[in-house]
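The block underneath contains the structure these notes are about, expressed in structure tokens.
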Amino acid sequence: MGKTTVIAIAGPSASGKSLFASTVYQELVAELGGERISVLSEDAYYRDQSHLSLDQRVLTNYDHPSAFEHELLAAHLQSLRDGNSVEMPQYSYKEHTRIKDTIPVTPARVILVEGILLLCDPKLRDQFDISVFMDTPLDICLLRRINRDIEMRGRSLSSITEQYEHYVRPAFFEFIAPSKQFADLVVTRGGQNEIAIDIIKTKIRQLLAE
Ligand SMILES: Nc1ncnc2c1ncn2[C@@H]1O[C@H](COP(=O)(O)OP(=O)(O)O)[C@@H](O)[C@H]1O
Ligand SMILES: O=c1ccn([C@@H]2O[C@H](COP(=O)(O)O)[C@@H](O)[C@H]2O)c(=O)[nH]1
């Protein structure tokens, strides 16, 4: 296997990062097979909070860098570069903590990693060869987050709007928007931008052909 290339996909919550990463991954796996591409999620590296009660866990600010174990994500990316498999944690948005199971991730020629605060952290940025920022307007992100969090993450409308006002929106202006300067490619509209998906797929095909 040649040198590992890590592609980061960052941007606000519900901007389409997961959809973009999974579309690129699934379309390339269908075309080329899955052995040479892996996907990681920053959300899997939210800190374990199993020592706290559920009432305490809901008080955490999940949009602040301190909520993530970025040191572990950086160490896992380095291990994968070094040719070693890692056990990626799994996170429950309903329980607000990690679950016991992990997912084995094998070293791959191309690693896609997606998450809100990836480009804010210098030790993570050092691990990225290509960085993408999903520049979906914040009002569109909010509408998509409301629908997704009610359907998929067991949230009420009032809990979403309260969390959004106190944590999600302030974190966008303090951490996420300023991190756009570190992106190589800025993607408008979200996870269904077919031209952007095609550009990243073309780059990955080139890397896999080297
Ligand atoms: N371009 C788009 N058009 C319509 N819906 C979209 C688009 N991009 C993403 N979505 C939807 O918006 C929601 C949030 O997208 P997701 O990929 O989970 O965002 P993120 O990973 O950035 O939080 C999901 O339900 C997804 O299907
Ligand atoms: O327990 C949790 C953990 C995270 N969140 C919210 O999730 C988003 C990040 O995930 P996206 O898939 O990028 O939306 C972040 O804004 C947190 O507020 C949560 O609500 N509860």
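What follows draws every value from the coordinates through simple rules; no lab data is involved. A quick note: this is a predicted structure, and the numbers were derived from the prediction, not measured. Note that each Cβ is placed from the backbone with ideal geometry, even for glycine, and that neighbours are counted across all protein chains shown.
Quick notes
- Summarising the overall dimensions of segment 1-73 from its C-alpha atoms, the Rg and Dmax are 15.8, 47 angstrom.
- Gap separating the Cα centres of segment 165-205 and segment 15-86, nearest whole Å: 16 Å
- Long-range HN-HN contacts of Val186 with modeled amide H, under 5 Å: Phe133
- For segment 178-193, 3J(HN,Hα) computed residue by residue from phi via the Karplus equation (6.51, -1.76, 1.60; θ = phi - 60°) reads x, 7, 4, 4, 8, 7, 8, 9, 10, 10, 8, 6, x, x, 10, 6 Hz, glycine and proline entered as x.
- GNM remark for the chain: springs join alpha carbons under 10 Å apart, and the peak mean-square fluctuation among Gln163, Gln56, Gln78 falls on Gln56.
- Fraction of antiparallel bridges per DSSP, segment 5-209 only, in percent to nearest 5: 30 percent
- For segment 34-46, backbone phi angles converted through the Karplus equation (6.51, -1.76, 1.60; θ = phi - 60°) give residue-by-residue couplings of x, 5, 9, 10, 10, 10, 10, 10, 4, 4, 5, 9, 4 Hz, Gly and Pro being listed as x.
- Counting charges near Lys94 (Lys, Arg +1; Asp, Glu -1) among other residues having Cβ under 12 Å from its Cβ returns a value of +1.
- The calculated FRET efficiency for Ala209 paired with Asp82, based on their beta-carbon distance and R0 = 22 Å, is about 0.40.
- For Leu40, nonlocal amide neighbours, meaning residues 5 or more places apart or on other chains whose placed amide H falls under 5 Å from its own, are Leu112, Val113, Glu114.
- Considering only Phe128, Ile200, Ile7, the residue lying farthest towards the positive end of the dipole of the chain is Ile200, judged by Cα position with unit charges set on Cβ.
- Amide proton proximity set for Thr5, modelled H, under 5 Å, gap of 5+: Val110, Ile111
- Choice from Glu69, Glu174, Glu31 showing the highest fluctuation, given a GNM over the chain with Cα pairs closer than 10 Å: Glu31
- Here is how the number arises for the chain: DSSP H runs of 4 or more residues each give -39500 (n - 2.57), the sum is divided by the residue count, and the result at 222 nm is -10500 deg cm²/dmol.
- Whether segment 141-207 is rounded, prolate or oblate, judged on the alpha carbon gyration tensor where a/c under 1.5 counts as rounded: oblate
- Relative to the longest principal axis of the Cα atoms of the chain, helix 138-152 runs at roughly 80 degrees.
- Once the Cα atoms are used to define both axes, helix 17-32 deviates from the longest principal axis of the chain by about 30 degrees.
- Where Rh is the Kirkwood radius over Cα pairs, Rg/Rh for the chain: 0.95
- Relative exposure of Asp101, Asp43, judged by other C-beta atoms within 10 Å (fewest first): Asp101, Asp43
- Computed from Cα positions, the angle between helix 70-81 and the longest principal axis of the chain comes to roughly 20 degrees.
- Set Lys100/Lys201; Lys123/Lys201; Lys3/Lys94; Lys17/Lys100; Lys3/Lys180; Lys94/Lys201 screened for pairs whose C-alpha atoms are more than 31 Å apart: Lys100/Lys201; Lys3/Lys94; Lys94/Lys201
- Whole-Hz couplings from phi, Karplus 6.51/-1.76/1.60, listed for segment 169-176; x for Gly and Pro: 5, x, 5, 4, 6, 7, 10, 6
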